[in-house]
1. Modelling each spin label as a point 7 Å along the Cα-to-Cβ direction, I'd like the residue 347/residue 131 distance in nm, to one decimal.
2. Over what distance in Å are the Cα centres of the range 305-349 and the range 189-250 separated?
3. Suppose R0 equals 41 Å. What FRET efficiency, 1/(1 + (r/R0)^6) with r the Cβ-Cβ distance, do residue 153 and residue 56 give to the nearest 0.05?
4. If each of residue 3 and residue 138 carries a label point 7 Å out from its Cα toward its Cβ, how far apart are those two points in nm?
5. Considering only DSSP beta bridges whose two residues both sit in the chain, what percent are antiparallel, to the nearest 5?
6. With N residues in the range 96-211, what two-decimal value do you get for its Cα radius of gyration over 2.2 N^0.38 Å?
7. Multiplying the sequence separation of residue 361 and residue 209 by 0.36 nm and subtracting their Cα-Cα distance, what value in nm do you get?
8. Relative contact order, percent, of the range 59-279 when contacts are C-alpha pairs under 8 Å separated by at least 6 residues?
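Nothing in this text is a laboratory measurement; each read-out follows from the coordinates by a stated rule. Small disclaimer: the values here were computed from a predicted structure and weren't measured. Quick reminder, even Gly has a Cβ in these numbers, built from the backbone with ideal geometry, and neighbours come from all protein chains shown.
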Ligand SMILES: Cc1ncc(COP(=O)(O)O)c(C=O)c1O
């Protein structure tokens, strides 16, 4: 092999380093201000006990095949039945991850002749699904319902005769703000279209019993909702809620569902227990809501900037290098905070993404913001 064959990768990495964009795997360091384990369910004893009991009664660790072959375990079906009832969807389908679920949704459901209109800030997994779609896609300005409508009207004027697919997150992963879901659902209705809502950061946190911000919409035939299970539910995988016909279509056509080993049946047990805990342990929701309100107020007071109102609190820095240096200083001080840089967020908007979870308490949040105010004053622009 020529030296050049590997050198081109090293060169590309050096380029990333020059732009302050090089990423590397880092150990967890200090108090959790970065995970999506919002309700601290990842280590919850009740979920561990449910998984242990399942192991003891012989539920296998591995599924052993894809869902359409030998890998379809009764635990998957039990989870899907319970999840559909919990979320108020006609059916639910369990995927190995939110990433593969978004790949499945966008590469499979929009048909040739349809149009996908996605929010400018929608998650990378939606973009990757769109890349594999038969339908063209256009981006609409963030949370701007008129821009979504203008894109649909423009497409119709140019002969678009299929169905529009509107793609949004209900709570944006890097900004912590909410989508105008009612107005977007109304837009989908008026244009004979569909709305796909990625509830990754709202599931378990918002809506009645944590059913998400789209809870009131989920039963409609033109709404498809993605609930990831690796964030507030503390496990892994993703549940797609939608009509039976769309779920059957995914089972028959979605390559990332068909050509993948089914998720571990034990993980299905863990997710089912997490859903039950959302109903049985309302104190968790109350505690988390109170912590969220406290953290938002502390952020505004310590840094004098607006807060999102949710558990995701971005602190805008702008420059990639400065964001990395501030995050490093915070980790050294015992607060696990990460810098988020392009291409995950738009150019020039590098930020600290502070996530509030039940893994921390009020004194720790107060101490973290006090330290952050000091560090930001000390690390030069
Ligand atoms: C908005 C959004 N959608 C989808 C995903 C992917 O979910 P998962 O981590 O389960 O693959 C994520 C997680 O990073 C996300 O933030």
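1. Roughly 1.9 nm, to one decimal.
2. 28
3. Efficiency computed from Cβ-Cβ geometry: 0.10.
4. 5.1
5. Within the chain, antiparallel bridges account for around 50 percent of the total.
6. Dividing the Cα radius of gyration by 2.2 N^0.38 Å gives 1.02.
7. 52.5 nm
8. 29
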